1. Could you please tell me which pairs satisfy a Cβ distance under 7 Å, a separation of 6+ or placement on different chains, a first residue in the stretch 39-65 that is over 10 Å from Leu27 (Cα atoms), and a second residue that is surrounded by 14 or more Cβ atoms within 10 Å (Cβ to Cβ) and charged (D, E, K, R)?
2. Does the stretch 40-51 hold any residues that are open to solvent by less than 40 Å² (accessible area, probe 1.4 Å) and hydrophobic (A, V, I, L, M, F, W, C), and which are they?
3. Answer with yes or no whether Glu37 is acidic (Asp, Glu) and surrounded by 13 or more Cβ atoms within 10 Å (Cβ to Cβ).
4. With assigned to a helix (DSSP H, G or I) and more than 12 Å from the chain's Cα centre (by Cα) as the only criterion, which of Ile26, Ile8, Ile53 stands out?
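The values are calculated or read from the model by the stated rules, or taken from the named source; none is laboratory data. Nothing here was measured: the structure is a model prediction, and the numbers come from that model. Virtual Cβ from ideal backbone geometry, glycine too; neighbours counted across all protein chains shown. In case anyone asks, the SASA skips ligands and DNA or RNA and just uses the protein heavy atoms, side chains included. Shrake-Rupley method; radii C 1.70, N 1.55, O 1.52, S 1.80 Å.
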Amino acid sequence: MEEKIKIIRDLSVEEREDVFVDLARILEGTAREAFVEGNRHFAAMSANMAQAIFVNADELARDDAQNAERVLEQFKAIHPYPLVSMAVH
């Protein structure tokens, strides 16, 4: 993701939109993992942010590239609750 942040200014509008759609998909996955882990608040926040990005991906891609960079920089953090196997042997 970090390499995408560095080159976001050089991308076309369609490519920027694809980056935002990818980000929203990642957030949806994070929301599912957090829900499985029992962190409903984090899951709800991630799901809501993913939905907001899906809905506004075209506007985010067409707006100023600096704003697009700011949005992407906010999501550089790694998921704070890594998925742990709950398998019973």
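1. Partner pairs satisfying both residue conditions: Ala57/Glu17; Asp58/Glu17; Ala61/Arg16; Ala61/Glu17.
2. Step one: filter the stretch 40-51 for residues open to solvent by less than 40 Å² (accessible area, probe 1.4 Å), giving 43, 46, 50.
Ala43, Ala50 - these are the residues of the stretch 40-51 that are open to solvent by less than 40 Å² (accessible area, probe 1.4 Å) and hydrophobic (A, V, I, L, M, F, W, C).
3. yes
4. Ile8
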